[in-house]
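Step one of this worksheet: look at the structure below.
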Amino acid sequence: MLSKFYTLLTLVFLSTPLLAQQKVNYSLSFPNAVHHEAEISVTFSSITSDTLEVLMSRSSPGRYALHEFAKNVYSVKATDAQSKALKVWKATPHQWNVIGHNGTATITYTLFGDHADGTYTGIDETHAHLNMPATLMHAVGFDNAPAQVTFNIPEGSNWKVATQLKHEQGNTYFAPNFQYLMDSPTELSNFDFAEWTVQDGNKTQTIQVTLHHNGTKEQFNDYVQKTKQIVAEQHAVFQDMPDFDFGRYTFIGCYMPQAAGDGMEHRNSTIVTSSRSLAEAMTGQLNTVSHEFFHAWNVERLRPRTLEPFNFQEANMTEALWLAEGFTSYYGDLTMARSNVFSQQKYISDLAGDLNYVLLSPGSQYHSLIEMSLQAPFVDAARSVDQVNRHNTFISYYTYGSMIGLALDLTLRRDYNKTLDDFMQALWRKYGQTEKPYTMADVEATLGEVSGNAKWASGFFQDHIYGSKLPDYEALLALAGLELRKANPGKPTLGTTALRFDKSGATIMMGTYVTSAAYKAGLERSDVITEINGVKLKKEKDLEKALKNKKPGNTVKITYKRLGQTRTTDLVLDEVPTLEVVIRAGANQETTALRNAWLGSKSNQ
């Protein structure tokens, strides 16, 4: 996930005199938290236009689709500096206009929030989980104005404040500008807290963990210790820590029954959420921690030019998500193995799931990896009610990019005595440390420099990034003593997606893949298969019976119902295509050494 790049010191100290006079002051209270409401006021000072245009965001850092946060705002009022009511009206679905302000206006409104994750806001009697674009109104012309935010803690509660905003005094915090404010999620609750320092050359920075959860102190301590290992391993990848603003980075976690599973990176913090407890799902939750912390380098500072500036009123699109999200996914998982939170065996077994998705999905027939990235406004938590054909036409840039990262890592090791770590370090030095947004041409050129072979780098991009050619994973994994093979050779299948069995038959729950036997036989979502070669289907064992003694390539007669009509079709059985990755028996010393160099720890911890 992504958030906005900016240069903090430039905006704070080099603003024009006029902009320096502008201020924004927020006050948030929660008198009706039990019913998921916040009462919010915001005062805009030194307004320069006759009409103050006040907005709710339509998008959020790290998200690419529109979310229309204004839908949860009501009871909007406006007053001037003397508390006199001002005329305010809704100009668009997400904009309110205010006139007669004489330079200062205070807007008050009620916000409803009942979805605690990385994108939305969730409020109840246990916490206020605030994503700022879903929470705070802002005004046109105040992009560079500093903001103060005061959180009024409910009386009698034991809530504390977790945020990347700069602490001023009490429960008042500071943001240097609009972009930083919108990029600063905040959790108010009685969270557990831990911190430690990381030494990087002559700089010392603080890492904090704040966790709102129902687990034990021992579970929290285990979570913190493993997070330390993750931080150390990712530090080792880049051999340099980002310069966190205000000298700290904060993990803001909410693992409560009312939360939704998510992870969202920000410049100096991340939000990680789940409805599952630490006892139920700590390993998976730490995998999210690993992914999101890697973003502190890859996308928070090492950023594509096409995301500059981040637009809070439109969908944001970039061709670089295969790198920004995909390579981050690769390192999120790899870090789990390197830090020993995952065993090497688990990491290797889990590769099969990602490879099955990428290699067996027909999406590469329709879009290249670049084009998959450009689909983000339609797929990144976007909402729609009509059916789509995405199971055929789309492969997630997270997983697709991750598996291209795997292929590039192993190819660099085989052919150039380099690694993907070397490539990420080179990108970091050129475009991350300097916070100079990159282009695709920049990334390709850097790969040429790291490998020493610009022609090969160009070919890799043409084949796998701009094109849809898939790498030879069988050969690449063999370098590490691994075998990619069919998990169920010789086993027949109809090639349908999930089936739901009941007394009426087996209902196809999703659209069929264009490459499947079911698709070629004309079967589609919602068709109800009633018989195969005369065997009636009412439960899964009936399907096993119908396919007993059948082989891939055999033809079976399917009887099915569509829109109330009974039909028949002939279907040529597929072989179950599912793949698995296993360690080859008798792997030699060379392949074992490569595997250990690839998956082994790079830190001193």
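Numbers at a glance
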{"item": "Every residue from the range 493-516 that is in a strand (DSSP E or B) and either β-branched (Val, Ile, Thr) or under 19 Å from Leu359 (Cα atoms) (or both)", "result": "Thr493, Thr507, Ile508"}
{"item": "Residue that is over 25 Å from the mean Cα position of the chain (by Cα), not assigned by TED's automatic domain parsing to the domain that holds Asp262 and not in a strand (DSSP E or B), where the choices are Ser49, Ser75, Ser59", "result": "Ser49"}
{"item": "Candidates Glu325, Glu265, filtered to the one that is closer than 25 Å to Thr434 by Cβ, in the same structural domain as Ala407 (by TED's automatic domain parsing), surrounded by 24 or more Cβ atoms within 10 Å (Cβ to Cβ) and in contact with a helix residue (DSSP H, G or I) (Cβ under 6 Å, 6 or more places away or on another chain)", "result": "Glu325"}
{"item": "Exclusive hit being in the same structural domain as Thr512 (by TED's automatic domain parsing) and over 27 Å from Asp502 (Cβ atoms), set Gly553, Gly522, Gly564, Gly534", "result": "Gly553"}
{"item": "Condition check for Ala376: on the phi > 0 side of the Ramachandran plot and of a type in the set (A, V, I, L, M, F, W, C)", "result": "no"}
{"item": "Top-ranked residue in the range 559-572 [being buried (at least 17 other Cβ atoms within 10 Å of the Cβ) and free of Cβ contacts under 8 Å to residues at least 60 places away in the same chain; ranked as nearest to the chain's Cα centre (by Cα)]", "result": "Tyr560"}
{"item": "Any hit, the range 283-306, residues being under 29 Å from Gln95 (Cα atoms) and more than 17 Å from the chain's Cα centre (by Cα)", "result": "yes"}
{"item": "Count of the range 552-569 residues which are in contact with a Lys or Arg (Cβ under 9 Å, 6 or more places away or on another chain) and more than 17 Å from Ile508 (Cβ to Cβ)", "result": "1"}
{"item": "Yes/no for Leu599 being under 28 Å from Leu410 (Cβ atoms) and touching a residue at least 40 places away in the same chain (Cβ under 8 Å)", "result": "yes"}
{"item": "Odd one out for Pro304, checked against (1) free of Cβ contacts under 8 Å to residues at least 60 places away in the same chain; (2) closer than 27 Å to Gly405 by Cβ; (3) surrounded by 19 or more Cβ atoms within 10 Å (Cβ to Cβ)", "result": "(1)"}
{"item": "Selection count, the range 528-544, where residues are in a helix (DSSP H, G or I) and surrounded by 13 or more Cβ atoms within 10 Å (Cβ to Cβ)", "result": "2"}
{"item": "Looking only at the range 576-600, and only at residues there that are in contact with a Gly (Cβ under 7 Å, 6 or more places away or on another chain) and charged (D, E, K, R), the one that is surrounded by the fewest Cβ atoms within 10 Å (Cβ to Cβ)", "result": "Arg584"}
{"item": "From the options Glu444, Glu449, Glu474, residue that is in a helix (DSSP H, G or I) and in contact with a strand residue (DSSP E or B) (Cβ under 8 Å, 6 or more places away or on another chain)", "result": "Glu474"}
{"item": "Qualifying residue in the range 160-168 (condition: outside the structural domain of Asn32 (by TED's automatic domain parsing), at pLDDT 95 or above and more than 24 Å from Ala337 (Cβ to Cβ))", "result": "no"}
{"item": "Where Asp80 falls short, out of the listed (1) touching a His at 6+ places or on another chain (Cβ under 8 Å); (2) among the charged types (D, E, K, R); (3) within 30 Å of Arg383 (Cα to Cα)", "result": "(3)"}
{"item": "Qualifying positions in the range 154-180 - without any contact (Cβ under 8 Å) to a residue 24 or more places away in the chain and either part of a strand (DSSP E or B) or crowded, with 16+ Cβ neighbours inside 10 Å (or both)", "result": "Leu165, His167, Glu168, Gln169, Asn171"}
{"item": "Residues of the range 331-365 classified as crowded, with 16+ Cβ neighbours inside 10 Å and closer than 13 Å to Gln229 by Cα, total", "result": "9"}
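The values are calculated or read from the model by the stated rules, or taken from the named source; none is laboratory data. Note that the coordinates shown come from a computational prediction; the quantities given were computed from them, not determined experimentally. Positions of Cβ are generated from backbone atoms using ideal geometry, with glycine treated the same way; all protein chains shown enter the neighbour counts.
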